[in-house]
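The structure appears right after this line, and notes come after that.
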Amino acid sequence: MAHCLLESRQLFPGQPIQLQDQVSLPDETRVSLQAQWIDLGPQQASCIVVILENLTAVAHQQAQIDAWRYGLTEREAQVWERALLGLSYRDIGQELFIALNTVKRHMKSIRRKQSDGCG
């Protein structure tokens, strides 16, 4: 990412360039990376700012908040956490060792509880 940003300065001088990517670490933690140039003023050098976000931790925290807020069961919270990470229903089922139709049933229940909680 840093190499691409360095090249972008030569190819597109003066243009604000921001790069983003998502990676999975060996322990299955999903991380979002963002990098961009920032100018600190005419008398200081430009810098590259890199922002890392642990998407796995964010999804876990959001699922726990939603479980409390909407009265989700423990299994629904597990399904919801993986849905927040962008996993397909099939992948959720494989991770949790449940059938695809069970995932669909949990998601339907989650959506119903969320819509009931907002009304």
Residue that is nearest to the chain's Cα centre (by Cα), among those in the stretch 80-94 that are without any contact (Cβ under 8 Å) to a residue 24 or more places away in the chain and closer than 13 Å to residue 30 by Cβ: 86
Flag for residue 65 being under 14 Å from residue 114 (Cα atoms) and free of Cβ contacts under 8 Å to residues at least 12 places away in the same chain: yes
Qualifying residue in the stretch 56-65 (condition: of a type in the set (Gly, Ala, Ser), out of contact with any Leu (no Cβ under 8 Å at 6 or more places or on another chain) and not in a strand (DSSP E or B)): yes
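A quick yes/no check of all residues on (1) surrounded by 14 or more Cβ atoms within 10 Å (Cβ to Cβ); (2) closer than 25 Å to residue 100 by Cβ; (3) among the hydrophobic types (A, V, I, L, M, F, W, C):
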{"site": "35", "(1), (2), (3)": "yes, no, yes"}
{"site": "41", "(1), (2), (3)": "no, no, no"}
{"site": "47", "(1), (2), (3)": "no, no, yes"}
{"site": "53", "(1), (2), (3)": "no, no, no"}
{"site": "61", "(1), (2), (3)": "no, no, no"}
{"site": "68", "(1), (2), (3)": "no, no, yes"}
{"site": "72", "(1), (2), (3)": "yes, yes, yes"}
{"site": "76", "(1), (2), (3)": "yes, yes, no"}
Residue check, residue 36 touching a residue at least 24 places away in the same chain (Cβ under 8 Å), closer than 30 Å to residue 81 by Cβ, touching a Pro at 6+ places or on another chain (Cβ under 8 Å) and not in a loop (DSSP other than H, G, I, E, B): yes
Those residues of the stretch 7-17 which are surrounded by 12 or more Cβ atoms within 10 Å (Cβ to Cβ) and at pLDDT 85 or above, in sequence order: 8, 17
Among residues of the stretch 86-108, those that are buried (at least 16 other Cβ atoms within 10 Å of the Cβ) and part of a loop (DSSP other than H, G, I, E, B), counted: 2
Any chance residue 51 is among the hydrophobic types (A, V, I, L, M, F, W, C), under 18 Å from residue 114 (Cα atoms) and within 17 Å of the chain's Cα centre (by Cα): no
Residue check, residue 46 over 30 Å from residue 83 (Cβ atoms), touching an Asp or Glu at 6+ places or on another chain (Cβ under 8 Å) and free of Cβ contacts under 8 Å to residues at least 40 places away in the same chain: yes
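The values are calculated or read from the model by the stated rules, or taken from the named source; none is laboratory data. Note that the structure is a prediction, hence the values are computed from the model and not measured. As a convention, Cβ positions derive from the backbone with ideal geometry for all residues, glycine included, and neighbour counts pool all protein chains shown.
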